[in-house]
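The values are calculated or read from the model by the stated rules, or taken from the named source; none is laboratory data. The structure displayed is predicted, hence computed values, not measured ones. Cβ: placed from backbone, ideal geometry, glycine included. Neighbour counts: every protein chain shown.
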Amino acid sequence: MKSSPVLHALRLATGDLHREIEAESRVELRLRDSATRPAMVACFLDFHRRVEAVVEPWRDELRDGGFEVRPRVREMREDLERLGGVDEAGEVASAAPTFGEALGWLYVAEGSMLGGRVIRRGLLQDGVPLTGLGFLDPWGDATGDHWRAFVTAMESACASGRVRQTDVLKGGRDAFKLAFALLVPPRPIESAA
């Protein structure tokens, strides 16, 4: 796959947020621990529920551009139920005002599938039970093809002039900000004493 200018711009625009989430969320550690796993899965469920709400009105346009959105919330709820966790449905996000912003949100959600495969592989190698973690690798060996189809659709929409790259970048930043709010545990307040 040749280099995508939009993908490159997204990585630059969201890189700091992405690195902060990776450094502070301790996702893999919290998924390894059976005591913290249900809460972590619930956070991911909340994130993807909001992403799906943001993207839903743009589903036909995405399909016309060659990308089929595959909802994940139902399977994530099933994962959470297997763990005995509770789905505390958060607020539902409103739809993205532009197709470009929806693409930015999808960049974060679809990109998480690539990271999910890496996490799942590490857990498997260490013999960690995968109960409730099907959401980490829902597309299996088709993950790469699914990702490339998304990038191609995003690049095509930007190249056609139907989408402004600034909207895509805004959507990506907004999605990462939400991911940070949901996945990074709050820091304890330190006393000034």
Every pair of residues 6+ apart whose Cβ atoms lie under 7 Å, when the first sits in region 162-174 and is at pLDDT 95 or above while the second is not in a helix (DSSP H, G or I): D167/T98; G171/A96
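Could you identify the single residue in D64, D60, D79 that is buried (at least 21 other Cβ atoms within 10 Å of the Cβ) and among the charged types (D, E, K, R)? Write out each step before concluding.
On the way: D64 fails: buried (at least 21 other Cβ atoms within 10 Å of the Cβ); D60 fails: buried (at least 21 other Cβ atoms within 10 Å of the Cβ).
One residue alone meets the criteria, D79.
Which residue is nearest to Y107 (Cα to Cα), if the candidates are limited to region 129-170 and must be among the β-branched types (V, I, T) and part of a loop (DSSP other than H, G, I, E, B)?
Of the residues in region 129-170, the ones among the β-branched types (V, I, T) are 131, 143, 151-152, 163, 166, 168.
After this cut, where a residue has to be part of a loop (DSSP other than H, G, I, E, B) as well, the list is 131, 163.
Numbers: T131: 27, V163: 14 Å.
By that ranking, first place goes to V163.
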Taking region 146-177 as the region of interest, how many residues are surrounded by fewer than 18 Cβ atoms within 10 Å (Cβ to Cβ) and of a type in the set (A, V, I, L, M)? 2
For L182, which of the numbered conditions (1) part of a loop (DSSP other than H, G, I, E, B); (2) of a type outside the set (S, T, N, Q); (3) surrounded by 13 or more Cβ atoms within 10 Å (Cβ to Cβ) fails to hold? (1)
Taking P38 and the conditions (1) touching a His at 6+ places or on another chain (Cβ under 9 Å); (2) in contact (Cβ under 8 Å) with a residue 60 or more places away in the chain, which numbered condition does it fall short on, given that it satisfies the others? (1)
